[in-house]
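One structure is given below, encoded as structure tokens.
The values are calculated or read from the model by the stated rules, or taken from the named source; none is laboratory data. Quick caveat: nothing in here was measured; it's all calculated off a predicted structure. Note that we place each Cβ from the backbone using ideal geometry, even for glycine, and neighbour counts take in every protein chain shown. For the accessible areas, the whole protein counts, side chains as well, though only heavy atoms, and no ligand, DNA or RNA atoms are used. Shrake-Rupley method; radii C 1.70, N 1.55, O 1.52, S 1.80 Å.
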Amino acid sequence: MASKRRREFVEHLRYRVFVLETLNTAMEILKRLPEGEAKHKLREGVRHYLYNNNYSCAITPERPIEPEYKLLIRDDCNGDIYAVDKSYLSFHYRYALKNAGVQSYAPEDYAKALKRNKAWADMNSFPTYHSVEEIILLRMEKMQLPPNLVQAMRINDFRDFVRNNCAEEFVDFREKNSFVKAFINARESEFRDMLARGGVDERYTDALVEKMREKGEAWDVVVLDENGDRIEGPEFDRHHTIPVYSPNDVSSLSEVNDFSKLCLIEKRFHRWLHRLERAKIIDDALYFEKIMVPEHAACVFDFETCILHDFDHPERNIPPMCPSNSNLIYVNKIAEMSIRLNDQLARQPKKTPGKNKKATGKYIKGGKGGRN
């Protein structure tokens, strides 16, 4: 029985290496190909492999939002605020800082000023900014900023004020209410099993899980073996599972960071996933094609392996998803297209010095691509 499990484990790793090599080659060729029929066919070939594993494609019209709202989404998701360029600060805010303490104002003056400020009303819907509202009022009262100017402050003004006056509390809230922590607390056992099946060194897994629990981060993990050599392992990015920057309504922007709309995805596959997305023109209007991960995917290890979790109903047991057909059918087609296109690229006149990479010519006739 043990030897059978060992054979199945080795067979699975062999299959996984083949898929990784095939996808890596295909994505490199996709990057080198000019827009046209060949690139379209290769992209669709890889996409159909994803569709076979319960991914989908959502086409959304362009509904651009202001850059500062994009920054709010980022601030709230990551729990930190980039330094705000002074040129983006309003006259009212700069004048308020310059005239701080000139007159005395009552606490209720600041409460009224914030309540009447449209920018703050939008920001206050984000949990991180809402968590520091009382601290903002206290700091403004202590500094004695003119309330009439506070009422006129804009989004970047508030971002600058929070960063300079209550950044520690802002970061602390997100660290305590981290998506990464919520996931690992709910699914640590499944996460460890998934990495073990993928051949990840247990020492690396231990360090990764510890960082996820302590820091709420699943990246920049450094583990050394007994010889001082680095033990390699996967790192994961946060990924929004819905189209973030094409909202129906700006008032719902804070909802894009709900845990039910986030997942962790291994960094390389995250990069590949976005490379398969594109913008297109339909009837003179701009649309975006977003590749959607499987429903309730909370952690994606590769395009065939993910952990499902319903954050809205954590007690719910979601059965594993299975591919529609054999994944080998799609992977071998991708390998075949890659070999052919790589040969075509090699025969083309070279525009810049450098050698073309050879695509692997290997196919495999067996192997299993399971989903956890």
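Of all segments of the chain bounded by GluC sites (Glu not before Pro) found in a DSSP loop with no more than 13 other C-beta atoms within 10 Å, the longest spans 63-225. Which percent, nearest 5, of DSSP beta bridges in the chain are antiparallel? Counting only bridges with both partners in the chain, antiparallel ones make up about 90 percent. 3J(HN,Hα) along region 171-185: 5, 4, 4, 5, 5, 6, 10, 8, 4, 4, 5, 4, 5, 5, 5 Hz, from the Karplus curve 6.51 cos²θ - 1.76 cosθ + 1.60 with θ = phi - 60°, whole Hz, x for Gly and Pro. Considering only Pro61, Pro146, Pro314, the mean-square fluctuation computed in a Gaussian network model of the chain, springs between alpha carbons under 10 angstrom, is largest for Pro314. Remark: spin-label model distance Ala58-Ile231 equals 3.8 nm, labels positioned 7 Å along the Cα→Cβ axis. A simple charge model with +1 on the Cβ of Lys and Arg, -1 on the Cβ of Asp and Glu and nothing else charged puts the dipole of the chain at about 1840 debye relative to its Cα centre. FRET efficiency for the Asn317 to Asn78 pair, using the beta carbon distance and R₀ = 30 Å, is estimated at 0.45.
Once every Cα of region 207-341 carries one equal point scatterer and solvent is ignored, give the base-10 log of I(q)/I(0) from the Debye formula at q = 0.11, 0.19 Å⁻¹, two decimals. With no solvent term, the Cα-only Debye profile gives -0.58, -1.29.
A straight chain from Glu21 to Glu210 at 0.36 nm per residue would run longer than the Cα-Cα distance by 65.0 nm. Ranking Ala2, Leu208, Phe161 by how far each Cα lies toward the positive end of the dipole of the chain (charges on Cβ) leaves Ala2 at the top. Relative to the compact-globule estimate of 2.2 N^0.38 Å, the Cα radius of gyration of region 77-187 comes out at 1.14. Considering only Ala119, Ala285, Ala182, the Gaussian network model of the chain with Cα springs below 10 Å gives its largest mean-square fluctuation to Ala285.
For region 119-177, the per residue solvent-accessible surface stands at 44 Å², with DNA, RNA and ligands left out and a 1.4 Å probe.
Here the accessible area of region 23-123 is 52 percent carbon and sulfur, with a 1.4 angstrom probe and all protein chains present. Under 13 Å of direct C-alpha separation, and excluding same-chain neighbours fewer than eight residues apart, Lys333 reaches these aspartates and glutamates: Glu44.
The alpha-carbon positions of the chain define a convex hull whose volume is 206 Å³ per residue.
Computed over region 212-300, relative contact order equals 24 percent, with contacts defined as Cα pairs under 8 Å that lie 6+ residues apart.
At q = 0.18, 0.19 Å⁻¹ the log10 of I(q)/I(0) for region 1-125 amounts to -1.18, -1.22, computed by Debye summation with a single uniform scatterer per C-alpha, solvent ignored. Here the simple spin-label model places points 7 Å from the Cα toward Cβ, and for Lys267 and Ser104 these points are separated by 5.6 nm. Estimated at 0.36 nm per residue, the fully extended path between Asp201 and Tyr95 surpasses their Cα-Cα distance by 32.5 nm. Over 31 Å apart at the Cα level, from the set Lys70/Lys280; Lys4/Lys261; Lys98/Lys176; Lys118/Lys280, are Lys4/Lys261; Lys98/Lys176; Lys118/Lys280.
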